[in-house]
Amino acid sequence: MLSDECPTAIDPDEERLFSCQNRLGYVFADPEILRAALTHASGANTRLASNERLEFLGDAILGAVVCDCLYHRFPDLLEGELTRIKSVVVSRQTCAAISQELGLDECLIVGKGMASARRIPDSLMADVFESIVAAIFLDGGITAARDFVLTHLNGEIERADGAGMGDNYKSHLQQLAQRDLGETPTYRLLDEKGPDHDKVFKMAAKIGRQCYPAAWGRNKKEAEQRAARNALTVLDEQAPEPNAAAERPVAVAPLDAVSIPAADVAMSQAQR
């Protein structure tokens with residue numbers, strides 16, 4: 001016997017939240033946190049009801065998770081190189097790109113003006129990624145937030161590190177050392193570990209008597225490149241500020257100490 005009851009209409013708002021959770025690969029215990037994360041200020045009754053506070057929290061969590069990951073994944077990299085990789089990985093451009101890949105623009109709750117725009121601005125897409133990170137943290141804790149962040153940023157971390165290794169650091173170091181120090185860098189093998197088929201090597205760059213922080217690599221060539229990168233980072237930190245000389249005060253001689261050519265004196269007397 002067929003039921004006379006009409007089928008229950010699907011709430012568009014609930015459908016949006018369900019679709020978003022599928023895209024994120026995370027199911028919220030409290031979907032209201034997700035709703036807040038997706039609500040732009042233009043679509044909220046008040047700014048406190050928007051995702052702005054979640055963006056603030058998510059930015060901090062994102063940075064902490066990535067810094068922790070880089071610290072443990074690259075034990076041989078110096079602070080300057082870790083900072084370079086982090087700046088690429090957590091950039092607004094990267095966050096916006098991930099939001100686009102996840103299709104979060106279709107899940108956002110925005111005002112009529114924003115909804116009629118041809119394209120959601122990248123700045124808003126970056127913001128919503130940060131607010132989603134915070135929402136997952138509040139709903140599932142730091143482990144869930146870390147898993148989500150690294151799932152989507154691991155590829156960016158590898159590309160950012162790979163982009164650095166694509167540069168010929170040994171060549172850069174040699175040019176700098178010969179130009180500024182009058183020395184040619186050499187590389188010392190300090191250690192090697194692992195079985196023959198899976199060894200790792202520890203190398204250090206040396207310029208003159210100065211030995212720079214060592215680095216590990218999957219082969220000697222890679223270890224030398226990483227060691228050269230460490231040496232470049234140290235040398236860059238030791239380099240003087242480029243405008244230091246220009247900012248020094250210029251000594252001005254007192255007026256009575258300035259010599260006046262004799263011809264000028266004679267001309268001045270003749271004109272009196």
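Read the figures in this text as sums done on the coordinates, not as results from a lab. Being a predicted model, the structure only gives us computed values, none of them experimental. Backbone-built Cβ (ideal geometry, glycine too); neighbour counts: all protein chains shown.
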What ³J(HN,Hα) values, in whole Hz, does the Karplus curve 6.51 cos²θ - 1.76 cosθ + 1.60 give for the stretch 182-190 when θ = phi - 60°, with x put for Gly and Pro? x, 10, 10, x, 10, 10, 10, 7, 9
Could you bin all the Cα-Cα distances of the stretch 124-203 into 10 Å bins starting at 0 and give me the percent of pairs in each, rounded to whole numbers? 14, 22, 24, 19, 19, 3
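My understanding is that a pair violates if its Cα-Cα distance is over 20 Å; which of Lys86/Lys199; Lys86/Lys202; Lys199/Lys220; Lys170/Lys221 do that in this structure?
Working: Lys86/Lys199 28 Å; Lys86/Lys202 24 Å; Lys199/Lys220 10 Å; Lys170/Lys221 10 Å.
The pairs that break the limit, which is 20 Å between Cα atoms, are Lys86/Lys199; Lys86/Lys202.
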What is the fewest-to-most order of Asp59, Asp11 by other Cβ atoms lying within 10 Å of their Cβ? Asp11, Asp59
Which distance in nm do the two modelled labels at Thr186 and Arg53 give, with both placed 7 Å along the Cα-to-Cβ direction? 6.3 nm
Net charge over other residues, Cβ less than 12 angstrom from the Cβ of Gln174 (K, R count +1; D, E count -1): -1
Give the span of the stretch 48-204's Cα atoms along each principal axis, as three whole-Å numbers ordered largest to smallest. 65, 36, 27
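Over the stretch 57-146, calculate the relative contact order: mean separation of alpha carbon pairs under 8 Å at least 6 apart, over the residue count, as a percent. Spell out each step's value before the answer.
Details: 67 pairs, mean separation 35.8, N = 90.
Reported relative contact order: 40 percent.
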Using a 10 Å cut-off on Cβ atoms, rank the peptides 125-132, 87-94, 44-51 from the highest mean neighbour count down. 125-132, 87-94, 44-51
Cα-based shape type of the stretch 29-112, given that a ≥ b ≥ c are square roots of the gyration tensor eigenvalues and the cut on a/c is 1.5: prolate
Alpha-carbon gyration tensor eigenvalues x 5, square-rooted, for the stretch 169-238, Å: 24, 10, 10
